[in-house]
Amino acid sequence: MHAPAPTAAPKISARHVSVHYGRKQAIDDVSIDVDMENVTAFIGPSGCGKSTFLRTLNRMNDTIPTARVAGDIRLDGEDIYAADMDVVQLRARVGMVFQKPNPFPKSIYENVAYGPRIHGLAANKAELDHIVERSLTRAGLWGEVKDRLSDSGTALSGGQQQRLCIARAIAVDPEVILMDEPCSALDPIATAKIEELVHELRGKYAIVIVTHNMQQAARVSQRTAFFHLGTLVEYGVTSQIFTNPRQERTKDYITGRYG
Amino acid sequence: MNEHTVKVFDNELGQLRGLVAQMGGLAEQAIEQAVAALVRGDLTAAARVVEGDRRIDVLEEEVEGLAVQLIALRAPMADDLREVLTGMKFANTLERVADHAKNIAKRVSEIDTSVRIEPMSVLPAMASVAGEMLHDVLDAFAARDVEAARRVCERDRAVDDLYNSIFRALVTFMMENPKSISQAAHLLFIAKNLERIGDQATNLAEMVHYAATGERMVERERAS
């Protein structure tokens, strides 16, 4: 197993994680640490298990009846699969952004305000306004939408919708943000804005990004994990993975020789 | 080495290697011919070496153009990236090696072969060691052979020793034959050119090591 020591105390620490969908094993004995200082990218061919593994980190796989997760995953040392873990609370702490932007069919304001409201993070309208503004600002969207907060979220462009989804994730003050191919439906300019945003959010949140775009992994992350056939093949400093990978399989994949 | 899914990428990398190998072959030939022209006092052959250097300059530009294109269009990673960068650096260094050969050729007209300057007899030996180093490092590049690259580095000492002995011999010669100082000075520059070719072959060997392993050749290996 190739897991370099992280630079700080791990935010998320996964040990010997295996995932089955029914009889099919999707993840086999993966151990990895994720810290606050570094953006971590998961790369690998389709079906390698990177998205499945990402989803174990906030128990999104719970929604799939056949999925079984074994192993130990800790958030700040706390077992997230413990019987007394509040899954709704967990998903507020470990937010997620998906491949296709999926804003609620509500106003821009409501998209961001919804989470803080149900989690009781704002005592009054003024506080809620403040959270909405701060979240949209952090997501790099405030300037573009501040004069039309009551417009529908779905009326925004794809890139803006994705930043709205990031603002929505940020609004509940998470500790970790999981991004599952957040740019695959976006054009290059919208992609660049998301990547810039990832840079700005780095350090404020632990960020894990799954991407098919290796240049993107190289650009936005400081740590890269390469998954193949459900196993973690190599995990290391991004610059090393992309200039001098230790594993033959990693090299074949990133240089375009896989398959 | 597995092939790339995108076949044209393999073709372009092969093309880059081919251009570098071609430059290397021409540079090697230029050294040989320049020193042969020097020994025989053959001005026509020397002029051909000077003329031939243009071809090497053109090839260097082609390598750079292709490397830039590969980086822009293929976004090479890992060993591919190192290969492209090394190809470009190789071309730059080979161009300078060829310049040294050209400089030697240019001095042929300044040397009067009727005057016997004893230390001159060492130059062909020195040229052959430097030329072999260049030849072997080109083979090492083609084969990504780290061990062969290391052996090239080990031979640089021999070129340096030859240079030092020529230097001392020429200084002695100048003191004894003040009338031939300018000729001896030209020979000293020629020896220096050959010594630099040995250094550059060593640099090329270090590049081969990096391309093959992703690691710099450590000082200990270079010195041993």
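How big is the charge dipole of the protein assembly as shown about its Cα centre, in debye rounded to the nearest 20, if each Lys and Arg gets +1 on its Cβ and each Asp and Glu gets -1 on its Cβ?
940
With θ set to phi - 60°, apply the Karplus curve 6.51 cos²θ - 1.76 cosθ + 1.60 along the range A:230-244 and write out the HN-Hα couplings as whole Hz, x wherever there is a Gly or Pro.
Here the 3J(HN,Hα) series is x, 10, 8, 7, 8, 9, x, 5, 3, 4, 6, 4, 8, 9, 8 Hz.
Amide H of residue A:71 versus every other amide H placed in the peptide plane: which residues, excluding those fewer than 5 positions away on the same chain, fall under 5 Å?
Residues meeting the amide H criterion: A:18.
So how tilted is helix B:123-143 from the main axis of chain B? Cα-based, degrees 0 to 90, rounded to 10.
0
When a footprinting reagent is the concern and you count Cβ atoms within 10 Å, what order do A:257, A:219 take, fewest first?
Lowest count first: A:219, A:257.
As a test of the definition: which semi-axes, in Å, follow for the range B:7-223 when you take the square root of five times each eigenvalue of its alpha carbon gyration tensor? Largest first, please. Let's see the in-between values first.
Details: eigenvalues 250, 76, 24 Å².
They are 35, 20, 11 Å, listed from largest to smallest.
Quick query: amide H of residue B:4 versus all other amide H atoms, modeled in the peptide plane; which residues come in under 5 Å with a sequence gap of 5 or more or a different chain?
Counting only residues 5 or more places away or on other chains, the set is B:10.
Per residue of A:246-252, what is the mean number of Cβ atoms on other protein chains within 10 angstrom of that residue's Cβ? Don't skip to the end; give the middle numbers.
Details: counts 1, 0, 1, 0, 2, 7, 5.
Mean partner-chain Cβ count within 10 Å for A:246-252: 2.
What list of ³J(HN,Hα) couplings, whole Hz, do you get for the range A:203-215 from phi and the Karplus terms 6.51, -1.76, 1.60, once you set θ to phi - 60° and write x for glycine and proline?
x, 7, 9, 6, 10, 10, 10, 8, 8, 8, 8, 5, 4
Taking only pairs that are 8 or more places apart or on different chains, how many Lys pairs in the range B:7-223 have Cα atoms under 26 angstrom apart?
Final tally of qualifying lysine pairs is 8.
How big is the gap, in Å, between the Cα center of the range B:127-162 and the Cα center of the range B:66-97?
Using only Cα atoms to place each centre, the spacing works out to 21 Å.
In debye to the nearest 20, how big a dipole does the range A:47-167 give about its Cα centre with +1 on each Lys and Arg Cβ and -1 on each Asp and Glu Cβ? Walk me through the numbers before you get to the answer.
Numbers: 16 positive and 14 negative charges, 77 e Å.
Dipole magnitude for the range A:47-167 comes out near 360 debye.
Just to confirm my numbers, what's the Cα centroid distance between the range A:72-88 and the range A:162-193 in Å?
24
Cα atoms only, the range B:122-224: Rg and Dmax in Å?
Gyration radius and largest Cα-Cα distance of the range B:122-224: 16.1, 53 Å.
Tell me, what is the percent relative contact order of chain A, built from C-alpha pairs under 8 Å that lie six or more residues apart? Please report the intermediate quantities before stating the final value.
Values: 507 pairs, mean separation 71.6, N = 259.
So the answer I get is 28 percent.
Which loop trypsin sites (Lys or Arg not before Pro) in the range A:58-157, with loop taken from DSSP, have no more than 16 other Cβ atoms within 10 angstrom of their Cβ?
Values: sites: A:59, A:68, A:74, A:91, A:93, A:106, A:117, A:125, A:134, A:138, A:146, A:148; in loops: A:59, A:106, A:146, A:148.
Answer by residue number: A:106, A:146, A:148.
Can you work out the Karplus-derived ³J(HN,Hα) for every residue in the range A:32-48? Use 6.51 cos²θ - 1.76 cosθ + 1.60 with θ = phi - 60°, whole Hz, and x for glycine or proline.
Karplus values, whole Hz, x for Gly and Pro: 7, 10, 10, 10, 6, 6, 10, 7, 10, 9, 9, 10, x, x, 3, x, 7.
Working from the pairwise distances between different alpha carbons, so that the mean of 1/r is found and then inverted, what is the range A:85-169's Kirkwood radius in Å?
It is 12.9 Å.
Near the amide H of residue A:228, under 5 Å away, which other amide H atoms are found, from residues 5 or more places off or on another chain, if H is placed in the peptide plane?
Hits under the 5 Å cutoff: A:233.
Say the dipole of the protein assembly as shown comes from +1 at the beta carbon of Lys and Arg and -1 at that of Asp and Glu; which of A:221, A:70, B:73 then lies farthest toward its positive end?
Of the candidates, A:70 comes out farthest on the positive side.
Could you tell me how many degrees, from 0 to 90 and to the nearest 10, lie between the Cα long axis of helix B:7-40 and the main elongation axis, the longest principal axis, of the Cα atoms of chain B?
Compared with the principal axis, the helix lies near 0 degrees.
About the Cα centre of the range B:7-223, how large is the charge dipole given +1 on each Lys and Arg Cβ and -1 on each Asp and Glu Cβ? Please answer in debye to the nearest 20.
Charge dipole of the range B:7-223: 400 debye, to the nearest 20.
Throughout, read-outs are computed from the coordinates displayed, never taken from laboratory work. From a predicted model like this one, the values you see are computed outputs, not experimental measurements. A quick note on method: Cβ atoms are made from the backbone with ideal geometry, for glycine too, and the neighbour counts reach across all protein chains shown.
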